[in-house]
Each structure stands twice: as C-alpha cells, then as structure tokens.
Amino acid sequence: MKQFFILFIGLFSLATYAQVDNVPQDYFEKPLDIPLILSGTFGELRSNHFHAGLDIKTQGRQGLEVKSSAKGYVSRIKIQHYGYGKALYIQHPNGYTTVYGHLQKLSPKIEAYLKERQYSKESYEIELFPEPAELPVEQGELIAFSGNTGGSGGPHVHFEIRDGSQRPMNPEMFGIDIEDNRDPIVDGLFAYPIGEGAHVNNSANRQKLRLIPQNDGSYTTNTLEACGEIGFGISTVDQKSLAPNKNGVYKIEASLNGSPVINLDFQRISFGESRYLNFLIDYEYYSNHRKRVQKLFKESNNPLSIYNGVVNEGKLEIEDGLDYNYVVEVKDFKGNSKTIRIPIKGNFAGEITPKDDKTTDYFTNYNETFSIQENGIDIYIPKNALYYDTFLDIQFMGDTVKVHHNDVPLHKNMTIGFDVSDIPEAEKEKLFIARINSYGRPSYSTTYKKPTRFTTGTRTFGEYTLVADVTPPSIRPVNFSDGQWISSNSTLKVKISDDLSGIQGYRATVNGKFILMEYEYKNNTLTHDFSDGVITETENNFKLIVTDNVGNVNIYEAKFFRKN
Ligand SMILES: [Zn+2]
C-alpha cells in the first residue's frame, strides 16, 4: 500500500508538469492580416521584466489595420507617452482579455470616443474603462492602426492574451501560429560553485565553459572537476524561421544522471512577479557583459512561477570520486531543441581559488531593513529589496553619496534623502536629486520636496547628488512660423526639449481654447491634428506652455492663419 502511494505521488507530479490548464484553441485569430513575423516572443528576457506578449513586425511601416482577435468589447483604452503608448484592451466573453499596444491611432469609432474624453479632460494621457455596451466589437473588426507609440523601438504591434486575473499568457499556446523550424541558439554556459567550500575546476568563482559542437547538432563540454554544491547557468535565444531577431526560448530542462533537476517554461507570467527576472538571471554578468545568463538553480526566496519540477533548488551535490552526467535541453514553442551534455567528475580539491567577494563595513541581510545617515544624507533600503545578503559599498563624498554598485539589482525602491535646511529658498527651488551615470552625466530622479528634506525613491544603485536646473525647456516650431498662412498643413508640429531635469508637462491653446497635442518623446515632438476640427477661425493665436521637472517655464506664442 505504501509503495502504491509513493508511485501515485510520482505520477501526480508528472501530471502537474503542464502547469497551465487547457486553453482554448482556434478562439483567437491573429490581429493582423500579414504573415506573423516577430521581433519579440512571450517570456523573452527584457530589461527588468519578461516580455508579456508577442511583438509583431509591421513590415517597417505604420498604419496597418489591426483587427480584434475575437468577439468582445473595448474594456480599456490607455494612452500614455511611455510604456505601451496608445493601447487598446478587449474583453472577451470567455474571460480572456487581448491587448494591442504602440498603436498609431484607433478605428474611427473608437478614436472619436477617445478624443471626446481627451478634450474634456484636456489631456493627451488618459485611461478609460468603457462599459460593455459602449464599444462592442466583432472578431476581425478593425479596431486600430499599427504604430510606434510609447516605448517602442520600431513599428510593430505588441499583442497580449491575458487570463481572467489579467496575467499575460503565451499567445502561441492559443494557436497563434508562428513559423519556426530553427533550433534555439546556446551562446554561453557557466558553472557556479554555490556551497561553502564548493569548487569548479579548483575555483570558487563562476566558470565559463567552452561549448564543443557535436555532429548531431548538440554540444558537450570538457569534463568538469568539481566538488560540493554547484549549479549551472545558460545564455540562450531562439530565432523564428522568418526573422533574424533573437527571441526568447520556451522551455529549459536540466537533468542529472537521467533524473530531472529543474524545469522552467514561459506559459504565464503575472506582472507582479515580472521584475524577479533580475533574480533568474546572473545580474552581475548581465550588467557587465550585456548578456542574460539564466540560472538553472533557484534560491529559496525566488518566488517566480516559471519553474515546474525543481529538485534541491536545481543545485547539485557533487561528491568526491563519483562521475555525473548533467544534461540541459532548451526548446522553442515548436519543439525545436538544443542539447548540452556536461560530464562532471567529483574531485575534492586541496587548493581552491577563493571567491572574489569584497567585504565592507555595511553588511545587510536581504530580509532585513538597512538604514544609514551621514553628512545630511540618509539611505533606507526596505527588507527584501535585495535578493542576497550583501556587503554594501557606501561612500559619502561631500554632498554626493555613492550607494553600492548598479550591477546589483534592487527589487523595491530604496529611499535617499538630502537635508536641504541650509540651502537658500531661491536656490532650493531649482534643485533636484540626480543619479550620476557612468559617463558622469546627471539624470533626474523623481524628487519629493519638503521644506527641509528632499527625497527620492529609486531601484538603481549608484551615485546620487543634488543638481540645479536653471534653464527652461526649449520650444521650436517645426512646420510653421509666426504670422504664416498654413491652410494646407494637416498638422501643427513643435519640438520641445529640456537639457537637465526633463519635461514635466505642456499645455497648448489656440485663441484661449485647449487643443490636443500628442507628445512623442522619441523625437521630442508635439503634434496637433487639424482634423480634430477645433481650430475653426482664420486668425489663430497659438500659445504653448512647457514646464520642466523643477518648475522652469517657457511660453511660446505665435500667430497663424487658416482658410476655413
Ligand atoms: Zn512588446
């Protein structure tokens, strides 16, 4: 009976391998009428997050028709300068939501709904939640035109499918078909001594392993000599058939002597866990080499849900005198795979190159808060902002503070405060907290001002100081000048920029009446579309007020004429 029970549990854990329940097939259609060529896959490793959808290339163009993937209604419209830019959310009767991002403009019906509300709020940035009856859509109905708005590096549509809890899922699981007959590419393999006294090839430090290609397309490595608790890490990408883009893989499995050790896949990733990407990858290696190595072991305080079967946190216990065979298999969604075989020889080493960790005066446990104050500068790091117990490198240098190194990730904001009680009011007004980047240039860190103390919250370690911005933003008309007739223009364009603290806001009026202008930060341009129909007079007095992040204001005024 007891044996039966153990067997039963064994089968059960195999059955739960497929972590996500059955998802509907053939329910969602592709959102564009062109062959799907991707510049990004689901789960792809990005800066501080896993990619939440598919990035569909639009042939280098904007203005392609975007269709609703299934029947439903527009449940959310979000327009922002950064992020997804112009984005549309469609709620479907089966509980799923589809998302379409970086749009150029929405379909005439939806665009009219949006503009009316942008004009009444007098803001380009807006978030709307229409009622189910307001904007119903059929499957395949035109909902928008593709674009490049927000944080987009080229024309494409960002497409997501979310479950009933708004957790993004891999659209390929729903039958959105992407041609792929290429194997994943492995371009880096590393061994990590983890436990006290552990070594790989007589070193306690990370070892890069040489990949030796085999005739069957797989790789092997030279035999590792190791002892104690060790783990591995892999740098791998996938290429689809129709594009050279280096996308994310779907699945990674590792086994030791034929028994599974760790298995991770990209089926569903909630936004709440996405930043833990920094815990999956060797962040220090990424910071210094711009290559993301995924660790094939998992620390106990890593809450990512991408793992399925994990034995002993994916770590191996290598014993002196024993031989092991560690195998990693990487797969894309279509099942194309790449295998790496790593022979390991358990060998106790007498002399080991010690870890090159540096100790400092400021040791902190990852699960405890840390705070320090000196020179009128205070630092507070909440618990669980760090992933590991860390010797922090903190240096107070006059009115500047260096807070550790930016090759260590922070999961939550730390707070840095500056005592400004001795600074004259007029001077104080122009000051902000800046992070000094590696080129020595200051960048604005959102600064909260109280009479005697300025604070900022930041998830980037590095050097911080107070910087003054005394120069107002600049404003330059692009397609008109003062006193001109511009009847044939379809838009009114202005360039705005700020040298130091950055643009905080802008407001444009014509003859005293608000006009909508879209801000495209990538080319510093504000654009008004005359087809909005709000400029109806012949003589028009245009006024634009632009404010930077410390409150410096520039006002630009010009007169233009239009035949109506
Ligand atoms: Zn995207």
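The values are calculated or read from the model by the stated rules, or taken from the named source; none is laboratory data. What you see is a predicted model; the values in this text were computed from it and never measured. Every residue, glycine among them, receives a Cβ derived from its backbone with ideal geometry; neighbour counts consider all protein chains shown. Accessible surface is based on the protein model in full, side chains and every heavy atom, while ligands, DNA and RNA are left aside. Shrake-Rupley method; radii C 1.70, N 1.55, O 1.52, S 1.80 Å.
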A careful count of residues in the stretch 539-554 that are surrounded by fewer than 17 Cβ atoms within 10 Å (Cβ to Cβ) and in a strand (DSSP E or B) gives 5
Per the list (1) open to solvent by 50 Å² or more (accessible area, probe 1.4 Å); (2) farther than 30 Å from residue 394 by Cα, residue check on residue 532 breaks on (1)
Within the stretch 240-260, of all residues that are touching a residue at least 60 places away in the same chain (Cβ under 8 Å) and in a strand (DSSP E or B), the one nearest to residue 292 (Cα to Cα) is 247
Those residues of the stretch 492-538 which are within 15 Å of residue 552 (Cβ to Cβ), outside any strand (DSSP E or B) and not small (Gly, Ala, Ser) amount to 498, 499, 500
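Determine whether the stretch 477-497 contains at least one residue that is closer than 30 Å to residue 398 by Cβ, at pLDDT 95 or above and out of contact with any helix residue (DSSP H, G or I) (no Cβ under 8 Å at 6 or more places or on another chain).
Scanning the stretch 477-497, I find no residue that is closer than 30 Å to residue 398 by Cβ, at pLDDT 95 or above and out of contact with any helix residue (DSSP H, G or I) (no Cβ under 8 Å at 6 or more places or on another chain), so the answer is no.
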So, first residue farther than 15 Å from residue 127 by Cα and among the polar types (S, T, N, Q) in the stretch 99-113, second residue at pLDDT 95 or above and within 16 Å of the ligand (Cβ to nearest atom), Cβ within less than 8 Å, six or more apart or across chains; the pairs are 104/62; 104/86; 104/144; 104/146; 104/147; 104/148; 104/149; 107/144
Within the stretch 46-67, restricting to residues that are in contact with a Gly (Cβ under 6 Å, 6 or more places away or on another chain) and either at pLDDT below 95 or open to solvent by 20 Å² or more (accessible area, probe 1.4 Å) (or both), the one that is nearest to the ligand (Cβ to nearest atom) is 62
Selection from the stretch 209-222 of residues surrounded by 14 or more Cβ atoms within 10 Å (Cβ to Cβ) and more than 20 Å from residue 335 (Cα to Cα) yields 209, 211, 220, 221
With the first residue restricted to the stretch 147-170 and required to be under 18 Å from residue 93 (Cα atoms) and within 10 Å of the ligand (Cβ to nearest atom), and the second required to be open to solvent by less than 30 Å² (accessible area, probe 1.4 Å) and polar (S, T, N, Q), Cβ contacts under 7 Å at 6 or more apart or on different chains are 160/98
The lone condition residue 80 fails out of (1) farther than 21 Å from residue 506 by Cβ; (2) more than 14 Å from the ligand (Cβ to nearest atom); (3) touching a residue at least 24 places away in the same chain (Cβ under 8 Å) is (1)
Those residues of the stretch 521-564 that are within 34 Å of the chain's Cα centre (by Cα) and either without any contact (Cβ under 8 Å) to a residue 40 or more places away in the chain or within 25 Å of residue 433 (Cα to Cα) (or both) come to a total of 18
Within the stretch 112-121, is even one residue under 27 Å from residue 37 (Cα atoms) and of a type in the set (Gly, Ala, Ser)?
no
Of the residues in the stretch 189-202, those that are open to solvent by 10 Å² or more (accessible area, probe 1.4 Å) and among the small types (Gly, Ala, Ser) come to 195, 197
Review point. Going by the conditions given, is residue 497 among the small types (Gly, Ala, Ser) and open to solvent by 20 Å² or more (accessible area, probe 1.4 Å)?
Key: yes
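In this structure, is residue 70 in a loop (DSSP other than H, G, I, E, B), within 14 Å of the ligand (Cβ to nearest atom) and either among the hydroxyl-bearing types (Ser, Thr, Tyr) or under 18 Å from residue 169 (Cα atoms) (or both)?
no
Residues are listed down the side, and each one gets a yes or a no for (1) within 30 Å of residue 413 (Cβ to Cβ); (2) in contact (Cβ under 8 Å) with a residue 12 or more places away in the chain:
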| position | (1), (2) |
| --- | --- |
| 298 | yes, yes |
| 310 | yes, yes |
| 317 | no, yes |
| 324 | no, yes |
| 328 | no, yes |
| 331 | no, yes |
| 350 | no, no |
| 370 | yes, yes |
